[in-house]
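Student: The following block contains the structure, expressed as C-alpha cells.
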Amino acid sequence: MNPEKGKKEITSGEQRLLTLMHWLVLIAAGGLIAWITRDTLRGVQFLDSPDYRKFQLGVCVLFQLDIVVEFIIAKNKMRYLGRNILFILVSIPYMNILDVTGVHISQEALYALSFVPMVRAAFVFAIITGALTASRALSTFYVYLIWVCASLFFAALMFYEGEHYINPDVDSFWISLWWACMSMTTAGCYITPISTTGNILEVFLAAEGMMLIPVFTVYITRAVLRNSPSSSN
C-alpha cells in the first residue's frame, strides 16, 4: 500500500488563507521595523513608548493567529510543531509578559527582545519569496540573500543603538552598517566594539558570514552552469 495514497492535500482556499496570513504578518512586521528604525535613528527610546509596546503586542497576537491557522491546516500536527517550534517561540510577546509580571532585565536585553518578532517575519518572507520564484536554485539563492540583508540591517541597527553613545568611532547608522558588512565578510574593521551587544554581534556576524558566503558561491555557480549554452546541449 502506498503511504502517500489518501493523503489530503491543501485546498486552494486553504492556500489562499495561508498566503493572506503570511502577507499580514509581513505588513505588521514591516511596521515594527519602520518604527524601530525611525526612533533609533532619531535617538528616541522607543522601548519606553506605551504605544510601541501595544503595537508589538498586536503584532505578536497576529503572529500567534497565523500559527493557529497553519496548525489547523497542517495535515501532520506533530510534524508541524516539531518543524516550527523556533518560530512559535519567537512569536511570544516577551516584552509585554515582562511588563505584566514586573520582571526587570537590562536595557540591552530588552532591546534585543524587541527584534524577536522580526525572525518570524523573515521566515514568512522567505516562504513567500520561494513560492513566487520559478527556479528552485534561484529561489534558494534569494532566500539566503534576503536573510543576509536582514541580518546586516538589524545587526547594524542594534550595534548603532548600543555603541553610538559610548564609542567615538560610531557616529552614524551608516558607519554601523559598514562595520556589520566588514564583520560578516571577516575582512575586519577599524571599529572595535565596546558594549556587550557589539561584541556578541561581531561574533555572530563572522560566524554567519563563514556559513552563508560559501552558499552564495555554490548557488551562483549552479545557476550559471544551468543557464550556460553547453548545459542545454
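The values are calculated or read from the model by the stated rules, or taken from the named source; none is laboratory data. Just so it is clear, the structure is predicted and the values come from calculations on it, not from any experiment. No Cβ is skipped: glycine too gets one built from the backbone with ideal geometry, and neighbour counts run over all protein chains shown. The area values use the complete protein model at the heavy-atom level, side chains included, leaving out ligands, DNA and RNA. Shrake-Rupley method; radii C 1.70, N 1.55, O 1.52, S 1.80 Å.
Student: Between residue 15 and residue 54, how many nm apart are label points set 7 Å from Cα along the C-beta direction?
Tutor: Spacing of the two 7 Å Cα→Cβ label points: 4.0 nm.
Student: Same structure again: Keeping the other protein chains in place, figure out the carbon and sulfur percent of the accessible area of region 9-118, with a 1.4 Å probe.
Tutor: Ligands and nucleic acids excluded, carbon and sulfur reach 69 percent.
Student: Semi-axes of the equivalent ellipsoid of region 17-70: what are they in whole Å, largest first, if each equals the square root of 5 times a C-alpha gyration tensor eigenvalue? Show your work: numbers first, answer last.
Tutor: On the way: eigenvalues 127, 28, 6 Å².
Three semi-axes, in Å: 25, 12, 5.
Student: A follow-up question, please. Not counting ligands, DNA or RNA, and with a 1.4 Å probe, what is residue 164's accessible surface area in Å² rounded to the nearest 10?
Tutor: Surface accessible to solvent at residue 164 totals approximately 40 Å².
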